[in-house]
Amino acid sequence: MADTHEPIIRQEEFLAFLKGYSPERKAGGERDMLAGRWRILSNQPLPEFSSSYAKAYVARDEKTPDASLYALVFDDGVPLRQKNINALKTFRHPALVSLLGEGVAQIGPTASTRYVAVLEKPAGIPLTEMLSRKGNPIPESLLIQQFLRPLSEILSGFAKMGISHNRINPGNIYLSGSTIVLGDCISEPSGFSQDILFEPIERMLTMPRGKADFASSADCYAVAMLALHLALGFSPFAQSVKESLIRDILSNGAYHTLVMPWDVPTGLQDFFRGELGDSRRDRWDALTIESWLTGRRYNLVMPSSSRETSRGFEFGGEAHFNRKSLAHGLWSNWKQALPMLADNRIPRWLKIHAHKQDTADTITRLTQSSTPLTPQQEEEALARVIIVLDPSGPIRFRQISSAVEGLGAQLAYALIAERHEDVHTLMQIIDADLSGFWMEQQKASPEHAALAAKLQKARNHIRMKGPGFGVERGLYDLNPGLPCLSPLLEGHHVTTLAEMLTALDTLSTQKAATEDAGDRHIAAFIASRLNLDKELRVPEVQASPSLKANFTLVMLKLLAKAQHKAGDTPFKGLTHWLAIKLLPLLGGMHSRVRQRKLQADLRAAVTRGSIEELADMFISSASFDADRREFQKASADYAERKKRIATLQGTTGLSHQASVKGHSVAQSIAYSVCIATVYVTLKACFRL
């Protein structure tokens, strides 16, 4: 009988294994070395090529030691321009820096795994140095041949690959003799640090982290602005205040604001008129620029003024003469704009002065209601009014201004930077489906249809609150290339399920004693990669309150699915880590026989490194359910017997039963004596 009290497995047994465990698979390879070829000199930084999201260092090619290279080491948490990276690995042009290699490497003294890209270092000086000297305009023929032709060729190549550059500006173009080289376009999100002078108005109005990743029209616009700078020989509007410049362009139009004040070459007039228009759809694309460069002439008329009415709408301390300007004014004065929704001033102005009956009717439907709007409904209505007034502009809600395509990147930044107010606002934008409303105002396109489906899916996943869902799930759905941001994985660049399992397996030797083998970020990352649409339930343990609320079991099921998806590779360290967290459940079993059986199965599963076997044991197995049912039955039987014993042992009850029994026995004896007496008496009488 002694073996029935055999103790369960102790944590020390698994911790002893992990103490000497050395995983076979480790990410990164040799420290400061990418793909066994490019060495990153992490003690030699290059600030001039660094960005807010990637640090630049001198790099050396082991095969070509004399090559002038640099490496970009990216911070985790930045959504990479993965489409650009994939395309640029094979695209080459003499006027564009070449991307030579990319991948994950161990960097620096801590050997943290980071994403790294190796590029050619551009020769020469940035054009900003030349423009700073002033008074040196580039002749038209030289400007076209030396600058516009190579840049248009690059843009045409980009257009065919479905990517855009979005960092075309004098600071990122290098001049060496008679040749130029355009710098990188992958070190930061699309247009993050772009000078607003080189952004069209719809991107000027968008926060830096909320710009669309694909914006070829913005590249063409930037080339035209570069040509204007070079034709003048200096940087116009260099001292302009951003808000003042935005107001001028909204009020007067880009061409009238940026080109009209200057004496520009006649031969470039059509180019500027074609590129610096206020409508994205009307601007020249890369193919049109190439046609113009080969001699085709368009004879474009001067763009008309942006004014839509002679009488401005007075609001926010200025008069707005068109819908775009009013939309920006409403967003810039958000709190003051809210009370104005109910007074019907905007629809009246649109009908009477701007002659925009359809727009006025739409805004009336959005703002007028038979019942008073709640404060949240008022804000959502104002955001929709702004979209109706300026459908080509970004979504603007409270303090956020974002392109629909940029909502994911905005959410990533807000979460990483712990900007809780921004996270809350972005969640409201997604939950209120402002992105869907924005897309309804655009001309239908396959890109918009795909984006709408993606945002709707993310919206549904964000509304669910279980592990694998919530805001973390929305983060990975909207940023599919984003590495897992779990604090557990700090120092590990994880973008696939296999990389995540390998990292957790490696971390088991350090974390198993004190940390859970997963969190909400890891759960959401797995669920996103597995494309799970429903909250993960563990129906096998729903009847048990202690197991139903156990996060480890949900995490176990997710990790088992991840291991299966990754090819059923064994992970002994991770299974030992999970076993340590599951031991309390094993110790809670009531049947020693079942407990000993599961002990043996647990040892076998962790030895084989199979998370799926662990999941079968603790989730799919009927052992816990049978143990629970049998214990409940035994408990009920015990309670019934205990009640009966208590009843029998009670003093009053015992006396009462004795009295009843005694009375019954006495009565029986009396009846027996009486019958015997009568019998004897009658017998005696009959003898007489």
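The values are calculated or read from the model by the stated rules, or taken from the named source; none is laboratory data. As the structure is a prediction and not an experimental result, all values here were calculated from the model. Cβ: placed from backbone, ideal geometry, glycine included. Neighbour counts: every protein chain shown. Note: areas computed on protein heavy atoms with side chains; ligands, DNA, RNA excluded. Shrake-Rupley method; radii C 1.70, N 1.55, O 1.52, S 1.80 Å.
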Using alpha-carbon positions, the gyration tensor of the stretch 125-293 gives root eigenvalues a ≥ b ≥ c; with a/c under 1.5 called rounded, otherwise prolate if a/b exceeds b/c, else oblate, the class is rounded
If unit charges are put on Cβ atoms (+1 for Lys and Arg, -1 for Asp and Glu) and the dipole of the chain is taken about its Cα centre, the option from VAL118, GLY191, MET555 lying farthest towards the positive end turns out to be MET555
With a ≥ b ≥ c from the Cα gyration tensor eigenvalues, square-rooted, and the rule rounded for a/c under 1.5, otherwise prolate when a/b > b/c and oblate otherwise, the chain is oblate
Dividing the helical contributions, -39500 (n - 2.57) per DSSP H run of n ≥ 4, by the residues of the chain yields a 222 nm value, nearest 500 deg cm²/dmol, of -15000 deg cm²/dmol
Filtering trypsin sites (Lys or Arg not before Pro) in the stretch 93-165 by DSSP loop and by at most 12 other Cβ atoms within 10 Å leaves ARG133, LYS134
The rounded separation in angstrom of the Cα centers of the stretch 286-353 and the stretch 379-448 is 20
Going residue by residue through the stretch 492-501, the Karplus relation 6.51 cos²θ - 1.76 cosθ + 1.60 with θ = phi - 60° gives ³J(HN,Hα) values, rounded to whole Hz and with x marking Gly or Pro, of 10, 8, 10, 10, 10, 5, 5, 5, 5, 5
Longest principal axis of the chain (C-alpha) makes with the long axis of helix 651-687 (C-alpha) an angle, in degrees to the nearest 10, of 30
Plugging the Cβ-Cβ distance of LYS134 and VAL301 into 1/(1 + (r/R0)^6) at R0 = 35 Å yields, to the nearest 0.05, a FRET efficiency of 0.60
To the nearest Å², the heavy-atom accessible area per residue of the chain with 1.4 Å probe amounts to 48
In whole Å, largest first, the alpha carbons of the stretch 120-191 cover along the principal axes 37, 25, 21
Residues whose built amide H sits under 5 Å from the amide H of MET33, excluding neighbours closer than 5 in sequence, are ILE40, GLN106
Excluding residues fewer than 8 positions from LYS211 in its own chain, the lysines with Cα under 26 Å of it are LYS55, LYS83, LYS89, LYS160, LYS242, LYS324, LYS335, LYS443, LYS454, LYS457
Stretched fully, the stretch from SER156 through GLN667 gains (0.36 nm per residue minus C-alpha distance, one decimal, in nm) 172.1 nm
To the nearest 20 debye, the chain has a Cα-centred charge dipole, built from +1 on Lys and Arg Cβ and -1 on Asp and Glu Cβ, of 2600
Heavy-atom accessible area of the stretch 33-120 with neighbours in place, 1.4 angstrom probe: carbon+sulfur share in percent works out to 50
Of the candidates ALA498, VAL665, GLN336, the farthest towards the positive dipole end of the chain (Lys/Arg Cβ +1, Asp/Glu Cβ -1, centred on the Cα centre) is VAL665
For the stretch 376-453, shape from the Cα gyration tensor axes a ≥ b ≥ c, cut at a/c of 1.5 then a/b versus b/c, turns out oblate
A correct Karplus calculation of ³J(HN,Hα) over the stretch 190-201, with 6.51 cos²θ - 1.76 cosθ + 1.60, θ = phi - 60°, whole Hz and x for Gly and Pro, returns 3, x, 4, 9, 4, 4, 4, 4, 9, 10, x, 4
Interchain or sequence-distant (5+) residues whose placed amide H lies within less than 5 Å of the amide H of LEU69 are ALA59, LYS121
Of all chymotrypsin sites (Phe, Trp or Tyr not before Pro) in the stretch 261-304, the ones in DSSP coil with at most 15 other Cβ atoms within 10 Å are TRP262, TYR298
So for R0 = 30 Å, FRET eff. of SER68-GLU490 from the Cβ-Cβ r, to 0.05, ends up at 0.35
The simple spin-label model distance between SER98 and ASN531, using points 7 Å out along Cα→Cβ, in nm, is 3.7
Expressed in nanometres to one decimal, the distance between label points 7 Å along Cα→Cβ at THR647 and GLN442 is 7.7
Of 384-393, 329-338, ordering from highest average Cβ density within 10 Å down gives 384-393, 329-338
For the GLU640, SER369 Cβ pair and Förster radius 51 Å, calculated FRET efficiency rounded to 0.05 is 0.20
Quick calc: nm separation of the 7 Å Cα→Cβ label points for ALA513 and MET260 -> 7.4
Residue-ordered couplings for the stretch 379-387, obtained by feeding phi - 60° into the Karplus form 6.51 cos²θ - 1.76 cosθ + 1.60 and rounding to whole Hz (Gly and Pro as x), are 5, 5, 5, 4, 4, 5, 4, 4, 5
Counting only protein heavy atoms with a 1.4 Å probe and every protein chain in place, the carbon and sulfur fraction of the accessible surface of the stretch 125-293 in whole percent equals 51
Note: CYS674 to ILE125 extended length (0.36 nm per residue) minus current alpha-carbon separation gives 184.1 nm
Highest mean packing first, using Cβ neighbours within 10 angstrom, the peptides 136-148, 219-231 sort as 219-231, 136-148
Sorted by chain and number, the residues with a modelled amide H under 5 Å from that of HIS320, at a separation of 5 or more or across chains, are PHE313, GLU314, PHE315
Residue separation between SER176 and LEU41 times 0.36 nm, minus their alpha-carbon distance, gives in nm 46.0 nm
Taking a straight Cα-to-Cα line shorter than 20 Å from LYS134, and setting aside same-chain aspartates and glutamates fewer than 8 residues away, one finds ASP195, ASP263
Partner lysines whose C-alpha sits under 19 Å from that of LYS581, ignoring same-chain residues fewer than 8 away, are LYS19, LYS511, LYS548, LYS557, LYS561, LYS572, LYS597
